[in-house]
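Trainee: I am attaching a structure below and will ask some questions about it afterwards.
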Amino acid sequence: MKSIRSKKSKQSAGTVLSPAGSTRKQKKKPQQHTTTAGNGTVVQSWASDAGRWAVYGLTVLVSLGALCGFLAFTSPPPQVQASTEVGLGAKQQEAGAFAQSYLAAWLTATSTDHDELDRYANVTGSSLVGTTPTEYRDMTVASIEDAPGGLTTVVVSASLKTVEMDDAGKETVTWTPYWYQIAVQTQGEEMAPAGMPAPVSVPAVGDAPQLGYTSRVANKEIQATVADFMTAYLTGQGDVTRYVSPETTISAITPAYWTQAKVKTIQSVSEVEDGTPVAGQTAEVLVDMNLTRDTTTKPAQYVLSLKVRDGRWEIQSLNSAPALSK
């Protein structure tokens, strides 16, 4: 390989002082360079160019980093999107409990005993007539929503007692649900009713939705699995784990209340053929039942998902809602 030698420039002579004090002309020695192997070769020249470009690249990266840091420092902070709170807040729940207590005092107040109601509102004796308090039970909050002016509107339901006398002089006691609307104002840690309770109409009961279970299940294995599972689940007679998938965490109701659980009919969303089950096959079923304790029997419905594993049907899940017709 040819070597590329650098040209030596001529050095000008300099005047130096001799040891005897005389002066003489002396040539400067050429400057010596300390080199490593390959000095003065094509390899070293290429490495030198690459090094220069690496330095240039590093300089550019450092400059860009400094510029990004400056922009990040001078730019306004990013806008944080507020998250929407799901469910009732603490103040709304407190307003609901406050409205319940207020309604209870309002229902039981009489013309001679209204001290409890006076804690919530200034009620004079002339506003109340009669000395018989209104009996109630099953009081609960039906709805809570914010209203204009910083108010919270609470609807509370309660079943009121009515006594009717028939022609034979026999009393019949009836508990009828009624709803009451109450506006609550919150100021710091204090709450106050904005007016008296207002009885409102109870929502009308609409037609039941049409369910999507159109095929009656005649599969004997499904019938047996469902019947045994429901008995173990509701009455404690049997082991629930024998009928559910390994990944399922369904446990029996404890302590068991019902003494008998009888399956009346099983219907599925799509037809399930009788015969040998195929691995992975599934079924969505609606189970109509009769539940019995002592001399009392009541109807009940369960929605189950089943799946075939190891040649047999197993309960995969106990669903919370039925499938509706499309």
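Trainee: Take the Cα radius of gyration of region 132-279 and divide it by 2.2 N^0.38 Å, with N its residue count; two decimals is plenty.
Mentor: The value comes to 1.71.
Trainee: What ranking of S159, S111 comes out by heavy-atom accessible area, probe 1.4 Å, highest first?
Mentor: S111, S159
Trainee: State, in angstrom, two size descriptors of region 255-303 derived from its alpha carbons: Rg to one decimal place and Dmax to the nearest whole number.
Mentor: 14.4, 42
Trainee: How many percent of the accessible area of region 152-299 is carbon or sulfur, using a 1.4 Å probe?
Mentor: In region 152-299, the share of accessible area belonging to carbon and sulfur is 49 percent.
Trainee: Based on the Cα coordinates of region 215-326, what is the per residue volume of their convex hull in Å³?
Mentor: Convex hull of Cα atoms, per residue: 105 Å³.
The values are calculated or read from the model by the stated rules, or taken from the named source; none is laboratory data. Since this is a predicted model, take the numbers as computed values, not measurements. The accessibility values were calculated without ligands, DNA or RNA, using every heavy atom of the protein model including side chains. Shrake-Rupley method; radii C 1.70, N 1.55, O 1.52, S 1.80 Å.
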